[in-house]
Amino acid sequence: DGDCFKYYIDGEWKRSCSGQAVTISNPSNRKPIFKVQACTQDEVNRCVESAKCAQKIWARVPLWKRAEALHRCAAIMKEQKAPIADCLVKEVAKALKDAVVEVVRSGDLLSYTAEEGIRILCEGKFLVSDPFPGNDRNKYCLSSKIPLGVILAIPPFNYPVNLAVSKMGPALIAGNAVVLKPPTQGAVSCLHMVHTFHLAGFPKGLISAVTGKGSDIGDFLTMHPGINCISFTGGCDTGIAICKKAGMIPMQMELGGKDSCIILEDADLELAATNIIKGGFSYSGQRCTAVKVVLAMECIADQLVCKVNAKLAKLTIGMPEDDCDITPVISETSANFIEGLVQDARHKGARFHQEWRREGNLIWPILIDHVRPDMRIAWEEPFGPILPVIRIKTVEEGIHHCNANNFALQGCVFTKSFDKAIMISDAMESGTIQINCAPGRGPDHFPFQGLRDSGVGSQGITNSINMMCKVKSTVMNFP
Ligand code: G3P
């Protein structure tokens, strides 16, 4: 349908009976580019019902066949990288080369998930009763992992393909069904990606992709009694709201971050500057794992800032089709929010190394220096190409700043001293600390988790497969 992309239910692409559509705008020119179906609650009900039925059969499909289906899908997804990446460029303004990487990475993730599923889902436990006081050796317990049922996957706009696949792959290999609710910006990329599952021949009803307005179907989905697990990546407020509303079901949440980058006096400043640029400005800072505050020891701060500025000056700024480093941020609302943070820092006396410049949603990158704790940018997550530098007198001051924030996804420390690095990593209360490298989620089999308001549970391929299973025991009793 040239006008409006269909949603996916029961192995078919269909129009919603609402007759309504949701419009997606291109962030680069703020003009409407795609439309998707505004599905109804009734259609959500049907997706969940189909998923329930299909899951019962899928759970009994041998594990090697489930793995084979994921491998098939991985190959198709990689073949289809160009059209999917093209959608990412248009919908979320991701530079073309990064969009292609996102799709290829998703294919690789599926293949690894298939292999890891084979490795870990065949394992169970065998226990005997007599180690526990008062028991004879007259009970044998056999435990194994069984699927949870229907998984609701809600990925965010910044990695709509990869973060959907990182939920769908583990869910499916473990024998679950998936209801996918794509983000509005990124919905068409998600639908193209779902088509690769369709082509790979997954059973009808096992996977559905339901698009629509959050206000119509958002709460309805997250509170739906047929959903057995929610895997959500997105904003903190939404994540916390989902946790409060959802029932007694397992949840996996990856929310915001304000990843600190601590630079010690003995750091390799060239390496640190390279990582600050990569970590702070890739995809225009719109990554939960972006470097979002630099905490530099005062004695090396000038030298560091000078190196970062030199590298920042080389970033290309423009359109995603031209593979520019800095591309328009996702929406006008986001650009306005970023501008508000910049104005606040300016009024409170921060030093700007570059001029503020914005054209539509395109924001020129800025290093904001001499930031103090009374400025919003010291604490808030801009999701844009602006990076604050706070000068610290002691390491403790840096660690304190990192731990005083409710965000606690990742962090990093640059030093040549292994002892100091381990000591600081231990003291920084975040989900992952990188030593001498910018924060990042990958490789995708590593555990990935946020502490405090940054999330619930741990992701990464292995952890996600385990999280999407429950333990079932059979006890043999011998009188
Ligand atoms: O922002 C989402 C987060 O998962 C980013 O992933 O691989 O860029 O660190 P990555």
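The values are calculated or read from the model by the stated rules, or taken from the named source; none is laboratory data. Keep in mind that what you see is a predicted model, and the values were worked out from it rather than measured. Note: ideal-geometry Cβ built from the backbone for every residue, glycine included; neighbour counts use all protein chains shown. These accessible areas exclude ligands, DNA and RNA; they are computed on the full protein's heavy atoms, side chains included. Shrake-Rupley method; radii C 1.70, N 1.55, O 1.52, S 1.80 Å.
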Those residues of the stretch 1-32 which are more than 17 Å from residue 215 (Cα to Cα) and surrounded by fewer than 16 Cβ atoms within 10 Å (Cβ to Cβ), in sequence order: 1, 2, 3, 12, 14, 15, 17, 29, 30, 31, 32
Flag if residue 158 is within 13 Å of the ligand (Cβ to nearest atom) and not in a helix (DSSP H, G or I): yes
Filter pass, residue 196 being in a loop (DSSP other than H, G, I, E, B) and at pLDDT 95 or above: no
Any hit, the stretch 299-306, residues being more than 16 Å from the ligand (Cβ to nearest atom), outside any helix (DSSP H, G or I) and under 24 Å from residue 433 (Cβ atoms): no
Unique match (being away from the ligand (no atom under 16 Å from the Cβ), closer than 29 Å to residue 399 by Cα and open to solvent by less than 10 Å² (accessible area, probe 1.4 Å)) among 240, 263: 263
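Take residue 49 and decide whether it is at pLDDT 95 or above, over 22 Å from residue 330 (Cα atoms) and among the acidic types (Asp, Glu).
yes
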Inter-residue pairs, beta-carbon under 8 Å, first of a type in the set (S, T, N, Q) and in the stretch 302-330, second part of a helix (DSSP H, G or I), 6+ apart: 303/269; 316/322; 327/283; 327/284; 327/320
Residue list for the stretch 384-404, filter: assigned to a loop (DSSP other than H, G, I, E, B) and surrounded by fewer than 23 Cβ atoms within 10 Å (Cβ to Cβ): 393, 394
Looking only at the stretch 223-244, and only at residues there that are among the hydroxyl-bearing types (Ser, Thr, Tyr) and part of a strand (DSSP E or B), the one that is nearest to the chain's Cα centre (by Cα): 233
Scan of the stretch 425-434 for residues that are more than 21 Å from residue 235 (Cα to Cα), away from the ligand (no atom under 16 Å from the Cβ) and not in a helix (DSSP H, G or I), ordered by number: 428
Checking residue 232 against (1) surrounded by fewer than 24 Cβ atoms within 10 Å (Cβ to Cβ); (2) touching a helix residue (DSSP H, G or I) at 6+ places or on another chain (Cβ under 7 Å); (3) over 19 Å from residue 38 (Cα atoms), the condition it does not meet: (1)
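Each row is one residue, and each column tells you yes or no for (1) among the hydroxyl-bearing types (Ser, Thr, Tyr); (2) more than 20 Å from residue 157 (Cα to Cα).
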{"position": "6", "(1), (2)": "no, no"}
{"position": "16", "(1), (2)": "yes, yes"}
{"position": "78", "(1), (2)": "no, yes"}
{"position": "87", "(1), (2)": "no, no"}
{"position": "91", "(1), (2)": "no, no"}
Only listed residue being open to solvent by 20 Å² or more (accessible area, probe 1.4 Å) and polar (S, T, N, Q), chosen from 184, 211, 196: 184
Of the criteria (1) away from the ligand (no atom under 16 Å from the Cβ); (2) farther than 28 Å from residue 172 by Cβ; (3) in contact with an Asp or Glu (Cβ under 9 Å, 6 or more places away or on another chain); (4) not basic (Lys, Arg), which one residue 422 fails: (3)
Qualifying residue in the stretch 467-475 (condition: more than 16 Å from the ligand (Cβ to nearest atom) and open to solvent by less than 30 Å² (accessible area, probe 1.4 Å)): yes
Some residue of the stretch 59-81 being closer than 28 Å to residue 221 by Cα, open to solvent by 20 Å² or more (accessible area, probe 1.4 Å) and β-branched (Val, Ile, Thr): yes
Of the criteria (1) more than 13 Å from the ligand (Cβ to nearest atom); (2) touching a residue at least 40 places away in the same chain (Cβ under 8 Å), which one residue 410 fails: (1)
Any hit, the stretch 249-268, residues being assigned to a helix (DSSP H, G or I) and not hydrophobic (A, V, I, L, M, F, W, C): no
Only listed residue being more than 16 Å from the ligand (Cβ to nearest atom), under 15 Å from the mean Cα position of the chain (by Cα) and either polar (S, T, N, Q) or within 22 Å of residue 227 (Cβ to Cβ) (or both), chosen from 152, 163: 152
Residues of the stretch 271-293 that turn out to be at positive phi, more than 10 Å from the ligand (Cβ to nearest atom) and in contact with a Ser or Thr (Cβ under 8 Å, 6 or more places away or on another chain), as a count: 1
Given (1) closer than 21 Å to residue 318 by Cβ; (2) open to solvent by 70 Å² or more (accessible area, probe 1.4 Å), index of the condition residue 87 fails: (2)
Selection within the stretch 115-129 - closer than 12 Å to residue 174 by Cβ and of a type in the set (Val, Ile, Thr): 118, 120
Scope the stretch 436-461; condition within 16 Å of the ligand (Cβ to nearest atom), more than 23 Å from residue 112 (Cα to Cα) and not in a loop (DSSP other than H, G, I, E, B); matching residues: 451, 455, 456
